[in-house]
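Take a look at the structure set out below.
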Amino acid sequence: MGFKDGLQYVASTIGIGILGVGIVLSAVAIVFAFVWLLIVAPRMRGATIAARLTLALAALSVTGLYLRAARFSGAAPWWKIVIVASLVLGFSVPVLRIDAPVDPGRVYHRGMASMVVVWLSFLVLSQALLVAGDARQGVLLYLLAGSSGWLAGFSLGSAMGQMVRESVPVRNREAG
Amino acid sequence: MDSPLLSARVRRILVWGSILTASVTAAAVGAALVISRSVPVKPMRYVEVTPVLKLAPGERRADEFESFCLDNGRAAPRAGETHTLSRTGATGLRPYLREVFDEYLTHPSRWRQGDVQQGIWYTEGHKRWESLAPEQQLFVQTAAGKADPVRWNPVVLLSRIAGAFGPIVLTNLVLAVFALLVVAVGTPDPVSVVGRSLAWIGGPRLAQAFIQGRWGRGVSFLAGLKIVSLMRDGLEEAVSRFVSSVLSRRV
């Protein structure tokens, strides 16, 4: 064995240790991320554009990063189209329902909470299958892509809808 | 006395960090030296029997090559897809791949291409030794000098663990950072949200320690950053004005 091979051997042993720490950290990280999003996402009152934009960015970038992994090469070739389609759908639903009556005293959006739960459940389930050695999980990957696009779209669409709703009385006052 | 640029604590961390890095590097180099001296190097014989391919600038030539797939997980190439002839780093990075190619190139008539292909995929570490046919096992054993050579090899093991867990670790850490950003941007008191989550998971003591400790101060610092407040309030106002102006134009 040459020196380079020997160094590779030792560096890999250290790398296994570092990756082990990363695995433990990532297991803790997803639990906290799950809890934080469950606490914050359904309680966003008003438009809160920045927070909803960050939530949408989180859903899209995390799903994109995950689905681009080499292990999923060819497993779900249409995932980008699914994300874009569900994003448009998710955005359209709250925007089209602008005129629907809204309870002003509502502080907890159960729909938003369930969207976060569905998206993260698909992500965790897919990760569990990947660890078990099953990378050919086409349907699950499409469900993950769809749920993340829907969450991102709904998050942005509801912010837009709320903003329009809030600006209508101002406009009426100005007109009156 | 503290320097105006670096506090005593930062200097101490830098010094100890450098010492630790240097020690680990020296230990790794020493261990590599010991390992490389104790395991004999197998000479590569393919250079003696393989003709060297030389092309003058602008020269065109038609040659036939036998090719092998290095990555079993990749999708098969499509019909008509162009291939590029280039040097690969895989032979230097993946254990026993060089030996496998050396054995095949020096004894091409002895081994079947299909068995060699299975041997190459075996060096990735995803195939079990028992799943190989007896001829394939014989080929790998002849090339590497021992049976089931990749078992417990740290380089292959790291590659396998990284393949299975790498995307998960990256995704989860990025998700946690984004979730923390959502908390920092979306709530007026992010420390209490993080504290509440800690209380659920680890109990009230942990939450108390976090809120009063430097991590709590770190989250407060993150939430109080000018860029975060600009995102929170400035963006809201800008989009709100835009929506109002669009609506007023339409009436």
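The values are calculated or read from the model by the stated rules, or taken from the named source; none is laboratory data. Just so we're clear, the structure is a prediction, and the values are computed from it rather than from any experiment. All Cβ positions, glycine included, derive from the backbone under ideal geometry; neighbour counts span all protein chains shown. With ligands, DNA and RNA removed, areas are computed over all heavy atoms of the protein, side chains included. Shrake-Rupley method; radii C 1.70, N 1.55, O 1.52, S 1.80 Å.
Report yes if B:Ser192 is more than 11 Å from chain A (Cβ to nearest Cβ) and either open to solvent by 20 Å² or more (accessible area, probe 1.4 Å) or over 19 Å from A:Ala27 (Cα atoms) (or both), otherwise no. If you could, list the steps in order and put the result at the bottom.
Numbers: more than 11 Å from chain A (Cβ to nearest Cβ): no; either open to solvent by 20 Å² or more (accessible area, probe 1.4 Å) or over 19 Å from A:Ala27 (Cα atoms) (or both): yes.
In short, no.
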Log entry, pairs with first residue in segment A:123-152 being without any contact (Cβ under 8 Å) to a residue 40 or more places away in the chain and within 25 Å of A:Pro94 (Cα to Cα), second being of a type outside the set (A, V, I, L, M) and buried (at least 17 other Cβ atoms within 10 Å of the Cβ), beta carbons closer than 9 Å, six or more apart or on different chains, reads A:Leu143/A:Phe122; A:Leu143/A:Ser126
Screening A:Ala33, A:Ala50, A:Ala70 for residues that are modelled with pLDDT of 90 or more and small (Gly, Ala, Ser) leaves only A:Ala33
Counted residues in segment A:92-110 being under 20 Å from B:Gly186 (Cα atoms), touching a residue at least 40 places away in the same chain (Cβ under 8 Å) and loosely packed, with under 13 Cβ neighbours inside 10 Å come to 3
Residue count, segment B:76-104, condition closer than 24 Å to B:Val150 by Cα and surrounded by 10 or more Cβ atoms within 10 Å (Cβ to Cβ), comes to 16
Just a yes or no: is a residue in segment B:130-153 surrounded by fewer than 16 Cβ atoms within 10 Å (Cβ to Cβ), within 12 Å of another protein chain (Cβ to nearest Cβ) and modelled with pLDDT under 85?
yes
task: Tell me, please, whether a residue that is of a type outside the set (A, V, I, L, M), at positive phi and surrounded by fewer than 24 Cβ atoms within 10 Å (Cβ to Cβ) can be found in segment A:10-20.
output: no
Residue count, segment A:64-91, condition open to solvent by 50 Å² or more (accessible area, probe 1.4 Å) and closer than 29 Å to A:Gly133 by Cα, comes to 10
Cβ pairs under 8 Å, 6+ apart or interchain, first in segment B:150-177 and of a type in the set (Lys, Arg), second surrounded by fewer than 19 Cβ atoms within 10 Å (Cβ to Cβ), ordered by first then second residue, are B:Arg151/B:Trp129; B:Arg160/B:His126
Checked pairs for segment A:11-28, first farther than 12 Å from B:Phe165 by Cα and within 7 Å of another protein chain (Cβ to nearest Cβ), second open to solvent by 30 Å² or more (accessible area, probe 1.4 Å) and assigned to a helix (DSSP H, G or I), C-beta under 6 Å and 6 or more apart or across chains, list as A:Ser12/B:Leu158; A:Gly15/B:Leu158
Reported set for segment A:127-168 where residues are open to solvent by 10 Å² or more (accessible area, probe 1.4 Å), more than 11 Å from chain B (Cβ to nearest Cβ) and under 13 Å from the mean Cα position of the chain (by Cα) is A:Leu143, A:Gly146, A:Ser147, A:Trp150, A:Phe154
Of B:Ser23, B:Ser67, B:Ser18, the only residue that is closer than 20 Å to B:Asp115 by Cβ and free of Cβ contacts under 8 Å to residues at least 24 places away in the same chain is B:Ser67
The helices (runs of 4 or more DSSP H) lying entirely within segment B:1-115 that contain at least 1 residues which are touching a Lys or Arg at 6+ places or on another chain (Cβ under 9 Å), modelled with pLDDT of 90 or more and of a type in the set (Gly, Ala, Ser) are none
How many residues of segment A:43-91 are outside any loop (DSSP other than H, G, I, E, B), within 16 Å of the chain's Cα centre (by Cα) and within 11 Å of chain B (Cβ to nearest Cβ)? The answer is 18
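When you go through B:Val24, B:Val39, B:Val47, B:Val29 one by one, which is the residue that is open to solvent by 80 Å² or more (accessible area, probe 1.4 Å) and of a type outside the set (Lys, Arg)?
So the residue among B:Val24, B:Val39, B:Val47, B:Val29 that is open to solvent by 80 Å² or more (accessible area, probe 1.4 Å) and of a type outside the set (Lys, Arg) is B:Val47.
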Over segment A:21-58, the set of residues open to solvent by 60 Å² or more (accessible area, probe 1.4 Å) and either among the β-branched types (Val, Ile, Thr) or touching a Cys at 6+ places or on another chain (Cβ under 8 Å) (or both) is A:Val21, A:Val24, A:Val28, A:Val31
Taking segment B:209-251 and keeping residues without any contact (Cβ under 8 Å) to a residue 12 or more places away in the chain and away from chain A (no Cβ under 13 Å) leaves B:Ala209, B:Gln212, B:Gly213, B:Arg214, B:Arg217, B:Gly218, B:Phe221, B:Gly224, B:Lys226
Of all helices (runs of 4 or more DSSP H) fully inside segment B:149-251, the set with 3 or more residues that are under 30 Å from the mean Cα position of the chain (by Cα) is B:154-186, B:214-224
